[in-house]
Amino acid sequence: MDAFVAEFVGTSLLLAMGSGVVANVVLNKTKGFNSGWIVITTAWALGVFIGVVVAGPHSGAHLNPAVSVGLAITGDFAWALVPKYVLGQVLGAMFGAFVAWLVYKDHFDATNDAALKFAPFGTVPAIRNLPSNLISEIVGTSVLIIVILYSTDPIIEDGIGTPIGLGSLGALPVAFLVWVIGLSLGGTTGYAINPARDFGPRLMHQLLPIKGKGSSDWGYSWVPILGPLLGASLAAGIYLLLGAGGMV
């Protein structure tokens, strides 16, 4: 499988599960209505597990522009490949969100609250304070990237030099990593920690014919893009400063 296709498919699966669980929890008349934050964070984590299992052997399973950029900064991933990976991730996120909408279309139609209709697509802060929201995204993504960098070798030993990514950490460990980030640090902004995860579905919300959907809130959209990229850069800088694998 080509790396672009792997990133597309892996991110599609991630968003189908992630957008799907939010739809299941917040939309009217679902079986999982009002089942809460633990359900949401667990399904997002397991969605990462699924995406990594599929994409890992073929692309390293970045599934996140912040991962691609962070690894490029440390020199473990070629900058020339970043646009290809990011495009696959954004398009995959759009398609995954579309699939979730298609599955839950009747429940979108049965829900009158525009904010709830938006929730399966993009992140919204619990308290809208943009500087604080940005810090939340920076910190959450920094944790993600620093754990990846300190838990893996630069190359998966598969004979063809597959780039490092979530997959080289292992599907189950990375699922636990995303789970604990959501449980611990995700309550402020909904922990995008992934520009593609927010931008792609937000754009899909804008494009889809959802009755009474309201605003796609583009005024906030830069936070879950810039925050994760800054967080990845910060984590990569710390990693390099401390000796790229050794605390020196």
* **Scan of region 25-79 for residues that are within 26 Å of Leu230 (Cβ to Cβ), polar (S, T, N, Q) and not in a helix (DSSP H, G or I), ordered by number** => Asn64, Thr74
* In region 189-215, residue surrounded by the most Cβ atoms within 10 Å (Cβ to Cβ) [restricted to those that are among the polar types (S, T, N, Q) and closer than 24 Å to Gly51 by Cβ] -> Asn194
* **Gly96 vs. criteria part of a helix (DSSP H, G or I), touching a helix residue (DSSP H, G or I) at 6+ places or on another chain (Cβ under 9 Å) and closer than 30 Å to Pro209 by Cβ** => yes
* Return a yes/no flag: does region 60-67 have any residue that is under 13 Å from Phe8 (Cα atoms) and over 14 Å from the mean Cα position of the chain (by Cα). => yes
* To do: Report whether or not Val180 is more than 13 Å from Ala97 (Cβ to Cβ), without any contact (Cβ under 8 Å) to a residue 24 or more places away in the chain and either assigned to a helix (DSSP H, G or I) or touching a Pro at 6+ places or on another chain (Cβ under 9 Å) (or both).
  => yes
* Structure fact -> Across region 106-117, the tally of residues that are in a helix (DSSP H, G or I), of a type in the set (D, E, K, R) and loosely packed, with under 14 Cβ neighbours inside 10 Å stands at 1
* Go over the candidates Leu27, Leu102, Leu15 one by one and state the one that is under 25 Å from Pro209 (Cβ atoms) and in contact with a Leu (Cβ under 7 Å, 6 or more places away or on another chain). => Leu27
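Values quoted throughout were computed directly from the atomic coordinates according to the rules given, and no laboratory measurement underlies them. Not measured: the values here are computed from a predicted model. Counting neighbours? That spans all protein chains shown, and the Cβs are built from the backbone with ideal geometry, glycine included.
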